[in-house]
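For reference, the structure discussed in these notes is given below.
The values are calculated or read from the model by the stated rules, or taken from the named source; none is laboratory data. This is a predicted model, so every value here is computed, not measured. Here the Cβ is made from the backbone with ideal geometry for all residues, glycine too, and neighbour counts use every protein chain on show. Just the protein is used for accessible areas: all its heavy atoms, side chains included, with ligands, DNA and RNA removed. Shrake-Rupley method; radii C 1.70, N 1.55, O 1.52, S 1.80 Å.
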Amino acid sequence: MDRTAVTTEAPKSPWGSGTPAVPACSLTDVMSEQLARQLDEESNAFPALTEPGATLLFPDESPDTTSDLMLAQILQMQFDREFDDQLRREEKKFNGDSKVSISFENYRMVHPYEDSDSSEDEVDWQDTRHDPYRAEKPQATPRKGFTGKGKNITTKHDEVTCGRKNTARMDNFAPEVHVGDGLGMDLKLSNQVFNSLKQHCSSEQRRSARLHEKKEHSTAEQAVDPRTRLLMYKMVNAGVLENINGCISTGKESVVFHADGGSLEEQPIPDEVVLKVFKTTLNEFKNRDRYIKDDYRFIDRFSKLNPRKIIRLWAEKEMHNLTRMKRAEIPCPEVVLLKKHILVMSFIGKDHVPAPKLKDAMLGSEVIKNAYYQVLHMMQQLYQECNLVHADLSEYNMLWHEGKVWLIDVSQSVEPTHPHGLEFLFRDCRNVSTFFQKRGVSEAMSVYDLFNAVTGLNIPVGAENEAEFIAEIVALEKRNEGHVQRRGKKTFQVVSEDAGPPLKPDADD
């Protein structure tokens, strides 16, 4: 738009000369002044906004947005405030309701933190001296032992005073002891109640420490202690095992794991093996020593004072028993390796699926009859050829695989010369006879006939009085024990004929 000037002659006034007229300006100048005034007002109103960066400037200063240094400082201050807010939230989340709180004060960027826009319930009371929720402790009794005068004397043995002091002392309990919100109340605990609580907390702490130590040094159900885990890792690293797949069975004496076999220079290893890890705690099977202390193969090495040595003898005992049974061609697992209390054996099953127990196998009448005769023949072989008594024979320790009965769990097996060997055999005969009679096997013999058929002793049954029959067995055991003691213990050392490596003492025992 072209700039045009407007010129007009002012008329002469009869009252004299008037005020000079305002010089005229163009529309462009008017528009420019209004725009400049508007921009100036907007720039002056900008610091009045409630923004974090605006409070950093002094009231009489205008924001110098042309300076890069000032912009960087404003942005850095805003970043530090946001960082402190996040740090406060993390601190509150980390501490929670714990009695012991961790302070992140040293990691904050702005000190002291002012102009916090957080709500009152988000305030983190780090200084307990100004904590409004802290319970007031009762006033301490002066050294003279009482307060007040005359009839208003209150001694340190006052019931109310002692009750409040006992309530305040609960704050000194361990952090894991939840004392509730009684500290903020006018609660009074008697000395008897407080002493009972204190004793209970101390006993719980000691019990927790014992349980923690016990879990670290014992093999529990479906779990192993660090020593056992290290032995298993060494087997994998040495190439004896490819990998360990998981637990397939648990019992009162051991935990059984399935694994893939590796390779050994001395002998081939099956593709599928099992690791029988004997439990190193005696809580579930406390009468182990009954089966091993009177066994003349291990009586010289039995020590009731060292449980770990007993467990290793228990594992070695099963290895020797399995070796005897394998030599007599009795269906049983084949021993691959013995390492302390871990026994590696062949896996009875196929494709990671273990063979079912005899009690779980669905067998027809003819098949169960055939299984009965197999068990009868194996009991006779075990007694006459292997010179062993299973001592825990039942449908739970017999597997059905490939049309045959397999015997497992022979760690408690003893020789017939054991002081209780014939009693164990009578118990096995009762379990076998009862199981097959319940399954409808008419050919199953009674417990007395089965005992005579296995041992060949031909004890007279008579009226089938169990007490009399057991009395005859005990008498035979006593005569046998006296005969064994006269012959000496060395006559029954069979470690060499089992072709099993003896255990060597370890340095960590």
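Overview of values
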{"read-out": "Accessible area in the full protein assembly, largest first, 1.4 Å probe, for 247, 201", "value": "247, 201"}
{"read-out": "Residue order for 314, 400 - accessible surface, 1.4 angstrom probe, largest first", "value": "400, 314"}
{"read-out": "Accessible surface of residue 435 - all protein chains present, 1.4 Å probe, nearest 10 Å²", "value": "20"}
{"read-out": "Full-stretch length increase - residue 168, residue 423 - with 0.36 nm per residue and alpha-carbon distance subtracted", "value": "85.4 nm"}
{"read-out": "Calculated Rg and Dmax of the range 356-489 using C-alpha coordinates, Å", "value": "15.4, 51"}
{"read-out": "Label-point gap, in nm, between residue 152 and residue 353 - each point 7 angstrom along Cα→Cβ", "value": "9.0"}
{"read-out": "Nearest-0.05 FRET efficiency for residue 437 and residue 93, computed from C-beta distance (R0 60 Å)", "value": "0.35"}
{"read-out": "Ranking by accessible area, most exposed first, for 401, 352 with a 1.4 Å probe", "value": "352, 401"}
{"read-out": "FRET efficiency for residue 475 and residue 308, using Cβ-Cβ distance with R0 set to 35 Å, rounded to 0.05", "value": "0.40"}
